[in-house]
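Participant: I have a structure here, written as structure tokens, and I will follow up with some questions on it.
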Amino acid sequence: MNYLREIWRSRELLLNLTLREIKGKYKRTVFGQLWSLANPLALMLIYTVVVGLIFRVKPAPGDPSGLHVYALWLLCGLLPFTFVSSVINAGLRSLVSNAGLIQKVYFTRIVLPLSTVGSVGYTWLFEMGVLVIAVSIAGAFVLPWIPGLLLIMVILAIFAAGIGLMLSIANVYFRDTEHFISIVLQIWMYFSPIIYPVTLIDGPSKKIGGLLGTNITLADIYRLNPLEHFVEVFRNLLYDNRWPAATEWYICAGWAIASLAIGMFVFRRNERNLAETL
Amino acid sequence: MTGTAVRVDQVSKSFRLYHERNQTLKSAIMRGRTSVHEDFWALDDVSFDVPEGSTFGLIGSNGSGKSTLLKCLANIYFPNKGTITHFGKIAAMLEVGSGFHSELSGRENVFLNGSILGMSKKEITSKFDEIVAFSGVEQFIDQPVKNYSSGMYVRLGFAIAINVDPDILVVDEVLSVGDQEFQEKCFLKFADFRKAGKTVILVSHSMGTVEAMCDRVAWLSHGELKKVGPAAGTIKSYLSSLTPEA
């Protein structure tokens, strides 16, 4: 509890560090913040052509929204994923890249990885705003679902923050972490229903049946992936325009709380040694 | 003026001297261990009290543990043994301009750096003019700091740090920044500090500075406290230890 109070007292610092990232990022660029849209748009084009047109993956139309646009369906899962992946990437570097600061000034260290959540989150908010507009133009009625959307965004941010905290410490001890994680993140994306619908897994899974003589199917293992549940909630709200099942909310919230609790525990145990270890 | 501002009680701090350090997973696994090390005691059982309202100097040769002690005082390192107790708000100035973002303007960096040093936005806003005036970069305050000369950079950093307004200020060798005029300004500021009954702990290699500013001095050598007491006497014994006796 004391620790939370300490973080709360550092909120201005957290805000200022976040602003430093945001303001510094696109300084001296002509297009500024618009650059943050470039990456998701490029990915959208690539996957739409490769997966949507060449492989002909067809997710079911939005129910009840009736949307049937692969590019939009893709973005509803891709934007949350790129957010998680950017938070993890930036968060795990946050301590190492601010080594000078840590060795010279005392402040609540946790604000460094947390500020990356803020700055990446700011970009994400911008991207999601554009997506909401695009989905609305395509004919979905998103407005009533926006509170739910904001809630799941916060839950996902908490989930990503926890992982970022754990890995930022790991990266201080083993600089391999950042290289290793960039590979893990790529694998993670293909093992999540982002560019293809989860129904593609259900078919083969049924055919194989229980694995090794148990009742556990391939799909069950696949659904252990927390992102599967997050993406489901995002698509329910944005693409289908319906309220996600309560269990999905509980699973997402559970993952988020567990991730943050472990992240803070790991961070707190190691923060005193940071100045020496870096 | 009678109380104690900082109590350093039997503080020891060791660092690991690595003979082998496996900071990559491959080497950690291959060698089956993360490190082979021995402990090096940078501070060994150091105790002293810093009286409230005094200016306290730390002297000693390179590698004597002054900076380590300063970092322990500033909560950056944590001692292995012993305790350090502060009576009042402490601020450390180990480096000026920490966390400046070179693309941001001087104004933005004042707020950024101020909050890193623990000031609230309100405090910074109220002291903003004073900070800018002290640094003497009024004309360039809205320019990105990457265009500052190194002197301006340091002066702005110093001006922010000195305006944190702590009860106890810990300073490392930063007095040697800026030109003559700026240094005099700094000394005046430290004098004001003392008049306000605040405590300053500083490290310097310039015995002239230490003698002029400090009331009491602690002399460290190889992590051990050799002597602590009134400035003149301690400095004298330190200097005489440097010249081999004829």
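Participant: Can you pull out the residues in segment B:128-164 that are out of contact with any Leu (no Cβ under 9 Å at 6 or more places or on another chain) and hydroxyl-bearing (S, T, Y)?
Facilitator: B:S149, B:S150, B:Y153
Participant: Go through A:I187, A:I155, A:I195, A:I221 for me and flag whichever is among the β-branched types (V, I, T) and under 14 Å from the mean Cα position of the chain (by Cα). Before the answer, list the steps.
Facilitator: On the way: A:I187 fails: under 14 Å from the mean Cα position of the chain (by Cα); A:I195 fails: under 14 Å from the mean Cα position of the chain (by Cα); A:I221 fails: under 14 Å from the mean Cα position of the chain (by Cα).
Within the list A:I187, A:I155, A:I195, A:I221, the selection yields A:I155.
Participant: Now for a different question. From the residues in segment B:32-46 that are loosely packed, with under 13 Cβ neighbours inside 10 Å and not in a loop (DSSP other than H, G, I, E, B), which one is farthest from the other protein chains (Cβ to nearest Cβ)?
Facilitator: Of all residues in segment B:32-46, those loosely packed, with under 13 Cβ neighbours inside 10 Å come to B:32-33, B:38-40.
Imposing the further condition that a residue be not in a loop (DSSP other than H, G, I, E, B) reduces the set to B:38-40.
On the way: B:E38: 15, B:D39: 12, B:F40: 12 Å.
Among those residues, the one meeting the criterion is B:E38.
Participant: Same structure, new question: Out of everything in segment A:77-127 that is of a type in the set (A, V, I, L, M, F, W, C) and not in a helix (DSSP H, G or I), what residue ends up being farthest from the other protein chains (Cβ to nearest Cβ)?
Facilitator: Looking at residues that are of a type in the set (A, V, I, L, M, F, W, C) and not in a helix (DSSP H, G or I), I get A:I110.
Participant: Being hydroxyl-bearing (S, T, Y) and farther than 16 Å from B:R216 by Cα is the filter here, so list the residues in segment B:31-54 that pass it. Explain how you work it out, then say what you get.
Facilitator: If we filter segment B:31-54 for residues that are hydroxyl-bearing (S, T, Y), which is where we start, we get B:34-35, B:47, B:54.
Passing the criteria: B:T34, B:S35.
Participant: Hey, can you tell me all the residues within segment A:241-266 that are of a type in the set (F, W, Y) and under 20 Å from the mean Cα position of the chain (by Cα)? Quick ask: steps written out before the conclusion?
Facilitator: Taking segment A:241-266 and keeping what is of a type in the set (F, W, Y), we get A:243, A:249-250, A:255, A:265.
A:W249, A:Y250, A:W255, listed by residue number.
Participant: Follow-up. Those residues that are of a type in the set (A, V, I, L, M, F, W, C) and farther than 22 Å from B:D129 by Cβ, I need them from segment B:81-115; list them, please.
Facilitator: Of all residues in segment B:81-115, those of a type in the set (A, V, I, L, M, F, W, C) come to B:84, B:87, B:90-94, B:96, B:100, B:104, B:110-112.
Passing the criteria: B:I84, B:F87, B:I90, B:A92, B:L94.
Participant: If you take the residues in segment A:1-23 that are more than 9 Å from every other protein chain (Cβ to nearest Cβ) and hydroxyl-bearing (S, T, Y), which one is surrounded by the most Cβ atoms within 10 Å (Cβ to Cβ)?
Facilitator: For segment A:1-23, the residue satisfying everything is A:T18.
Participant: Continuing with this model, one more query. What is the one condition in (1) within 14 Å of chain B (Cβ to nearest Cβ); (2) in contact (Cβ under 8 Å) with a residue 12 or more places away in the chain that A:N273 does not satisfy?
Facilitator: Every condition holds for A:N273 apart from (2).
Participant: Condition first: farther than 17 Å from B:D165 by Cα, facing chain A (nearest Cβ under 9 Å) and not in a helix (DSSP H, G or I). Now tell me which residues in segment B:70-103 satisfy that.
Facilitator: Scanning segment B:70-103 gives B:N75, B:I76, B:Y77, B:F78, B:S98, B:G99, B:H101, B:S102, B:E103.
Participant: Can A:I216 be described as away from chain B (no Cβ under 14 Å), farther than 30 Å from A:S136 by Cβ and outside any helix (DSSP H, G or I)? Full working, then the answer.
Facilitator: Numbers: away from chain B (no Cβ under 14 Å): yes; farther than 30 Å from A:S136 by Cβ: yes; outside any helix (DSSP H, G or I): yes.
Here the answer is yes, as A:I216 does meet what is asked.
Participant: Which of the residues that make up segment B:159-206 are of a type in the set (A, V, I, L, M) and at pLDDT below 80?
Facilitator: From segment B:159-206, those of a type in the set (A, V, I, L, M) are B:159-162, B:164, B:168-171, B:174-175, B:177, B:188, B:191, B:196, B:200-203; that's our starting set.
B:V174, B:L175, B:V177 - these are the residues of segment B:159-206 that are of a type in the set (A, V, I, L, M) and at pLDDT below 80.
Participant: While we're here: Is there a residue being in contact with a helix residue (DSSP H, G or I) (Cβ under 9 Å, 6 or more places away or on another chain), among the hydrophobic types (A, V, I, L, M, F, W, C), surrounded by 19 or more Cβ atoms within 10 Å (Cβ to Cβ) and away from chain B (no Cβ under 14 Å) anywhere in segment A:187-194? Before the answer, list the steps.
Facilitator: Let us first name the residues in segment A:187-194 that are in contact with a helix residue (DSSP H, G or I) (Cβ under 9 Å, 6 or more places away or on another chain), namely A:188-189, A:191-194.
The next check asks that each one be among the hydrophobic types (A, V, I, L, M, F, W, C); those that pass are A:188-189, A:191, A:194.
This time we only want the ones that are surrounded by 19 or more Cβ atoms within 10 Å (Cβ to Cβ), so: A:194.
Pick out the ones that are also away from chain B (no Cβ under 14 Å) and you get A:194.
Scanning segment A:187-194, I find at least one residue that is in contact with a helix residue (DSSP H, G or I) (Cβ under 9 Å, 6 or more places away or on another chain), among the hydrophobic types (A, V, I, L, M, F, W, C), surrounded by 19 or more Cβ atoms within 10 Å (Cβ to Cβ) and away from chain B (no Cβ under 14 Å), so the answer is yes.
Participant: Only one residue in A:R235, A:R268 is surrounded by 14 or more Cβ atoms within 10 Å (Cβ to Cβ), within 14 Å of chain B (Cβ to nearest Cβ), basic (K, R) and in a helix (DSSP H, G or I), so which one is that? Working first, answer last.
Facilitator: Working: A:R235 fails: within 14 Å of chain B (Cβ to nearest Cβ).
Answer to the check: A:R268.
Participant: Of everything in segment A:24-51 that's more than 14 Å from chain B (Cβ to nearest Cβ) and hydroxyl-bearing (S, T, Y), which residue is surrounded by the most Cβ atoms within 10 Å (Cβ to Cβ)?
Facilitator: Looking only at segment A:24-51, we keep the residues that are more than 14 Å from chain B (Cβ to nearest Cβ), and these are A:30-31, A:33-51.
Keeping just the survivors that are hydroxyl-bearing (S, T, Y) gives A:36, A:47-48.
Values: A:S36: 19, A:Y47: 21, A:T48: 19.
Applying the filter and picking the extreme gives A:Y47.
Participant: Can B:V200 be described as part of a loop (DSSP other than H, G, I, E, B) and among the β-branched types (V, I, T)?
Facilitator: Working: part of a loop (DSSP other than H, G, I, E, B): no; among the β-branched types (V, I, T): yes.
Answer is no for this residue.
Participant: Also, quick follow-up: Consider B:S12 carefully, then state whether it is away from chain A (no Cβ under 14 Å), more than 24 Å from A:R109 (Cα to Cα) and in contact (Cβ under 8 Å) with a residue 40 or more places away in the chain.
Facilitator: no
Participant: Another question about this same structure. Restricting to segment B:104-122, name every residue that is more than 10 Å from chain A (Cβ to nearest Cβ) and either under 22 Å from the mean Cα position of the chain (by Cα) or among the aromatic types (F, W, Y) (or both). It would help to see each step written out before you state the result.
Facilitator: Here is the first cut: in segment B:104-122, the residues more than 10 Å from chain A (Cβ to nearest Cβ) are B:106-107, B:110.
Across segment B:104-122, the qualifying residue is only B:V110.
Participant: Evaluate the following for B:D129: is it in contact (Cβ under 8 Å) with a residue 60 or more places away in the chain and either under 25 Å from B:V203 (Cβ atoms) or of a type in the set (D, E) (or both)? Quick ask: steps written out before the conclusion?
Facilitator: Values: in contact (Cβ under 8 Å) with a residue 60 or more places away in the chain: no; either under 25 Å from B:V203 (Cβ atoms) or of a type in the set (D, E) (or both): yes.
Criteria not met by B:D129.
Participant: If you don't mind, another one. Could you give me the residue pairs with C-beta distances under 8 Å whose first residue belongs to segment A:123-148 and is closer than 24 Å to A:V87 by Cα, whose second residue is outside any helix (DSSP H, G or I) wherever it lies, and which are 6+ apart or on separate chains?
Facilitator: If the second residue must be outside any helix (DSSP H, G or I), the pairs left are A:V132/A:V142; A:G148/A:W243; A:G148/A:P244.
The values are calculated or read from the model by the stated rules, or taken from the named source; none is laboratory data. Since we're looking at a predicted model, the values are computed, not measured. FYI the Cβ positions are ideal-geometry reconstructions off the backbone, even for glycines, and counts take in every protein chain you see.
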